[in-house]
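Visitor: Sending over a structure as structure tokens; questions will come in a sec.
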Amino acid sequence: MRASNSIKVVLLHVAVIAAFFALQFVLPEYHHLAMTRVMVLAIFAMGYNLLFGYTGLLSLGHALFFASGLYGAGLAAYHLEWSIPAAFLTGIFAGFAVSLVIGLISLRTTGVAFMIVTMMFAQVAYLASMYFSQWTRGEEGLVLPQSARSFELLGATFDLTNASTRYNLAFVLMTLALVICFVVVRSSVGRAMIAVRENEPRTLMLGYDTFRLKLLALVLSGSLSAMAGATYALLFAYIGSSFASIQYSIEALLFTLLGGGGTILGPLLGTVAMFYMIDITSNYTAAYMLATGLMLVFLVLFFPRGILGSIRERWLKWLP
């Protein structure tokens, strides 16, 4: 039975990946661009889900890691004129380094204190991006030059002004993030992370180093979030302080809660649902955030564990 469920899980994820690849051939131009952005934000939500959904740590400072990747890649491409691959790797390394340092400090707290500490670190980063406006231009932001809109890799040239190229790069990176989450969650480390979420004192009593597990979860989460930020900067050629604001931390939380925290595909589903809820309601009313909020309340009432989490709880127990 367990082998049968594993096959179902693998086939489900392969089907989702195949569906996202096929969408580029049928979507109109507007939705083609929108889905590219959704896939990038879904990477951010997947990273957040590793920390919140699987390890049980509620952070309100994940915009810090997204912005670390965004500025690490964007500033390297804009000011240092590094190649796109080098700038991208710089963004990921920036997120890794920041999440490691923040983790070593913030994980000495728990519960509400952890949430507040992460939020304060993120706010410091936001204010820093405003203060060093000679480099970042604050809220106005920077638009990457044309020289940072293409690169060569393995003998092939990639033009980031081409919508199809952007879509496929976002698709490849989203697939990579999904595979990373899948492997981590279904490994012994992933099961230990879930044990920390469910009962940290008992996990500690069983001999696990819960601090290291939480630090690993935070670094993995921060690195994936930074990958999303670096991807956003390079694909859309813009970096600005608004990406470091608390709004982006809350968005990652909402994407995860809506789709289902503690499920691999939940953040992806939540990102798609949230993006199109806002997009559709904004076409009919200026109070689209109010309408979106009411829909979110409705979903929380009838799907308290998120869409996919509630489906797993009620019908499909084998969903990871």
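The values are calculated or read from the model by the stated rules, or taken from the named source; none is laboratory data. Quantities reported herein were computed from a predicted structural model and do not represent experimental measurements. Counting neighbours? That spans all protein chains shown, and the Cβs are built from the backbone with ideal geometry, glycine included. Only protein heavy atoms, including side chains, enter the accessible area calculation; ligands, DNA and RNA are left aside. Shrake-Rupley method; radii C 1.70, N 1.55, O 1.52, S 1.80 Å.
Visitor: Scan region 250-278 residue by residue and report those that are farther than 26 Å from Ile116 by Cβ, among the β-branched types (Val, Ile, Thr) and open to solvent by 30 Å² or more (accessible area, probe 1.4 Å).
Guide: Val272, Ile278
Visitor: Looking at region 22-37, is at least one residue closer than 30 Å to Tyr126 by Cα and buried (at least 23 other Cβ atoms within 10 Å of the Cβ)?
Guide: Within region 22-37 (the criterion being closer than 30 Å to Tyr126 by Cα and buried (at least 23 other Cβ atoms within 10 Å of the Cβ)), the answer is yes, since at least one residue qualifies.
Visitor: If you take the residues in region 199-240 that are surrounded by fewer than 23 Cβ atoms within 10 Å (Cβ to Cβ) and among the polar types (S, T, N, Q), which one is farthest from the chain's Cα centre (by Cα)?
Guide: Among those that are surrounded by fewer than 23 Cβ atoms within 10 Å (Cβ to Cβ) and among the polar types (S, T, N, Q), it is Thr203.
Visitor: Just to be sure I understand, how many residues within region 166-198 are open to solvent by 50 Å² or more (accessible area, probe 1.4 Å) and farther than 24 Å from Val16 by Cα?
Guide: 4
Visitor: Return the pairs, sorted by first residue and then second, in which the second residue is part of a helix (DSSP H, G or I) and polar (S, T, N, Q), the first residue lies in region 65-87 and is without any contact (Cβ under 8 Å) to a residue 60 or more places away in the chain, the beta carbons are less than 6 Å apart, and the residues are 6+ apart or on different chains.
Guide: Going by the 6 Å Cβ cut-off, the qualifying pairs are Ala76/Thr90.
Visitor: Given the conditions (1) under 15 Å from Leu257 (Cα atoms); (2) in contact with a Ser or Thr (Cβ under 7 Å, 6 or more places away or on another chain); (3) open to solvent by less than 50 Å² (accessible area, probe 1.4 Å), and given that Thr281 satisfies all but one, which numbered condition is not satisfied?
Guide: Looking at each condition in turn, Thr281 falls short on (1).
Visitor: In addition: Applying the selection to region 128-149, what residues are surrounded by 12 or more Cβ atoms within 10 Å (Cβ to Cβ) and either under 24 Å from the mean Cα position of the chain (by Cα) or of a type in the set (Val, Ile, Thr) (or both)?
Guide: Those that are surrounded by 12 or more Cβ atoms within 10 Å (Cβ to Cβ) and either under 24 Å from the mean Cα position of the chain (by Cα) or of a type in the set (Val, Ile, Thr) (or both): Ala128, Ser129, Met130, Thr136, Gly138, Glu139, Gly141, Leu142, Val143, Leu144, Ala148, Arg149.
Visitor: Select from region 188-236 the residues that are of a type in the set (Val, Ile, Thr) and either touching an Asp or Glu at 6+ places or on another chain (Cβ under 9 Å) or without any contact (Cβ under 8 Å) to a residue 12 or more places away in the chain (or both) and list them in ascending order.
Guide: Selection gives Thr203, Thr210.
A quick yes/no check of all residues on (1) under 20 Å from the mean Cα position of the chain (by Cα); (2) farther than 21 Å from Val185 by Cα:
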| residue | (1), (2) |
| --- | --- |
| Leu12 | no, no |
| Ala15 | no, no |
| Leu23 | no, yes |
| His32 | yes, yes |
| Leu50 | yes, no |
| Gly53 | yes, no |
| Gly74 | yes, yes |
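Visitor: Kindly indicate the residue of region 235-289 that is outside any helix (DSSP H, G or I) and hydroxyl-bearing (Ser, Thr, Tyr) and also nearest to Ala42 (Cα to Cα) among those meeting that condition.
Guide: Thr263
Visitor: Would you mind finding the one in Ala42, Ala77 that is of a type in the set (Gly, Ala, Ser) and either open to solvent by 60 Å² or more (accessible area, probe 1.4 Å) or touching a Pro at 6+ places or on another chain (Cβ under 7 Å) (or both)?
Guide: Residue meeting the stated conditions: Ala42.
Visitor: Which residues, counting only those in region 150-165, are modelled with pLDDT of 90 or more and either open to solvent by 50 Å² or more (accessible area, probe 1.4 Å) or not in a loop (DSSP other than H, G, I, E, B) (or both)?
Guide: Ser150, Phe151, Glu152, Thr157, Phe158, Asp159, Thr161, Asn162, Ala163, Ser164, Thr165
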